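Below is one structure; the comments refer to it alone.
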Amino acid sequence: MEFIRDTSVEKDRVARDIAAQRKIESGLVCAISALEPAPTFDYRKSRVIRRIRPCHVLYHYQIHPVFGWMHARIQTWFPFHIQIALNGREWLSRRMQQEGMKYVQEGNCFAWIEDFGQAQKWMKEQLKTGWTEVLDGFVEKLNPIHDEFFDPFPGTYYWTCYQSEWATDVVFQDASYLKRLMAVLTPHAIASYRSADVLRYFGRRINQDGSIPARFDGQCNPICGNTGRASE
């Protein structure tokens, strides 16, 4: 269990460092706790009012046998709001490992796959997932006494898509063609995008005015990428 007080600290990076240090390749990696704004309710003059207040939340990071690297977040008071973050490419890489298919992954991108056609079929299988059953399976692990709490008023979670991202990887079969194309793409990228745009892409914080933070350490490693997040 790691408590993080500084809101600028990247929880995903902390969890990945722990996994690397302890050589964890599967199962629970760690739990990270923090204070974050979360919804709750107040009873005021015969009325129930929804409030957003600082709340103790828990992040459970794990390497799931099906979904790969992921995390689930739960707030520790009513209504015990849950968010689950999954990465479609992590999911696919896990499937390819299990099937013995060779591939090269750079950050959150597949630079090469032994059989692109078969990998694409496995990727499309994700669209047929029964999400309610899958996500309900995480509830008991996040809150083992959920049923005890709500025994007088039994109920289940309902799930919505809080945030999602769809991305397409473009792969060139001819390296020499890409090399010629880079002579056009590189000047275009330099002229069209700022350093702040690159930092945002890699999940790094920037100042409100768009300038680079003075304490930026020069590291811009991708830490997330294509992540779908579901919430109750």
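The values are calculated or read from the model by the stated rules, or taken from the named source; none is laboratory data. Values in this document were obtained by computation on a predicted structure and should not be read as measured data. Backbone-built Cβ (ideal geometry, glycine too); neighbour counts: all protein chains shown.
When residue 90 is tested against (1) touching an Asp or Glu at 6+ places or on another chain (Cβ under 7 Å); (2) under 23 Å from residue 161 (Cβ atoms), exactly one condition is not met: (1). One residue is enough: does segment 3-19 have a residue meeting the conditions modelled with pLDDT under 95, out of contact with any strand residue (DSSP E or B) (no Cβ under 9 Å at 6 or more places or on another chain) and more than 26 Å from residue 87 (Cα to Cα)? Taking every residue of segment 3-19 in turn, none turns out to be modelled with pLDDT under 95, out of contact with any strand residue (DSSP E or B) (no Cβ under 9 Å at 6 or more places or on another chain) and more than 26 Å from residue 87 (Cα to Cα). In the set 136, 169, 147, only one residue is under 30 Å from residue 41 (Cα atoms), acidic (Asp, Glu) and modelled with pLDDT under 90; that residue is 147. Applying a threshold of 6 Å to beta carbon distances and a minimum spacing of six or more residues, or different chains, the list of pairs starting in segment 83-97 at a residue that is β-branched (Val, Ile, Thr) and ending at one that is in a strand (DSSP E or B) and at pLDDT 95 or above reads 84/72. Among the criteria (1) outside any strand (DSSP E or B); (2) touching a strand residue (DSSP E or B) at 6+ places or on another chain (Cβ under 7 Å); (3) at pLDDT 90 or above, the one residue 125 does not fulfil is (2). Scan segment 93-122 for residues that are over 19 Å from the mean Cα position of the chain (by Cα) and either in a helix (DSSP H, G or I) or closer than 17 Å to residue 165 by Cβ (or both) and the total you get is 11.
If you scan segment 14-39, which residues turn out to be in contact with a Cys (Cβ under 7 Å, 6 or more places away or on another chain) and surrounded by 16 or more Cβ atoms within 10 Å (Cβ to Cβ)? Answer for segment 14-39, where residues must be in contact with a Cys (Cβ under 7 Å, 6 or more places away or on another chain) and surrounded by 16 or more Cβ atoms within 10 Å (Cβ to Cβ): 15, 38. Residues that are surrounded by fewer than 14 Cβ atoms within 10 Å (Cβ to Cβ) and under 21 Å from residue 71 (Cβ atoms) were ranked within segment 146-161; the one that is farthest from the chain's Cα centre (by Cα) is 158.
Residues in segment 190-209 that are of a type in the set (Gly, Ala, Ser) and surrounded by 12 or more Cβ atoms within 10 Å (Cβ to Cβ): 195, 196, 203.
May I ask you to list the residues in segment 191-204 that are under 29 Å from residue 12 (Cα atoms), free of Cβ contacts under 8 Å to residues at least 60 places away in the same chain and of a type outside the set (D, E, K, R)? Across segment 191-204, the qualifying residues are 193, 195, 196, 198, 199, 201, 202. Considering segment 58-74, and only residues there that are surrounded by fewer than 20 Cβ atoms within 10 Å (Cβ to Cβ) and closer than 17 Å to residue 145 by Cα, the residue that is farthest from the chain's Cα centre (by Cα) turns out to be 58. Restricting the first member to segment 41-62 and to residues that are under 30 Å from residue 22 (Cβ atoms), and the second to residues that are not in a strand (DSSP E or B), the beta-carbon pairs closer than 7 Å and six or more apart or on different chains are 55/76; 55/77; 56/76; 57/76; 58/76; 59/11; 60/142; 61/15.
Please tell me if residue 17 is without any contact (Cβ under 8 Å) to a residue 24 or more places away in the chain, part of a strand (DSSP E or B) and among the acidic types (Asp, Glu). No; evaluated as a whole, the condition is false for this residue.
Looking only at segment 98-144, which residues are free of Cβ contacts under 8 Å to residues at least 40 places away in the same chain, of a type in the set (Val, Ile, Thr) and within 17 Å of residue 67 (Cα to Cα)? If the condition is that a residue be free of Cβ contacts under 8 Å to residues at least 40 places away in the same chain, of a type in the set (Val, Ile, Thr) and within 17 Å of residue 67 (Cα to Cα), then 129, 132, 134 are the ones that fit. Regarding segment 37-47, can at least one residue be identified that is part of a helix (DSSP H, G or I) and either closer than 25 Å to residue 109 by Cα or touching a Phe, Trp or Tyr at 6+ places or on another chain (Cβ under 8 Å) (or both)? Within segment 37-47, not a single residue is part of a helix (DSSP H, G or I) and either closer than 25 Å to residue 109 by Cα or touching a Phe, Trp or Tyr at 6+ places or on another chain (Cβ under 8 Å) (or both).
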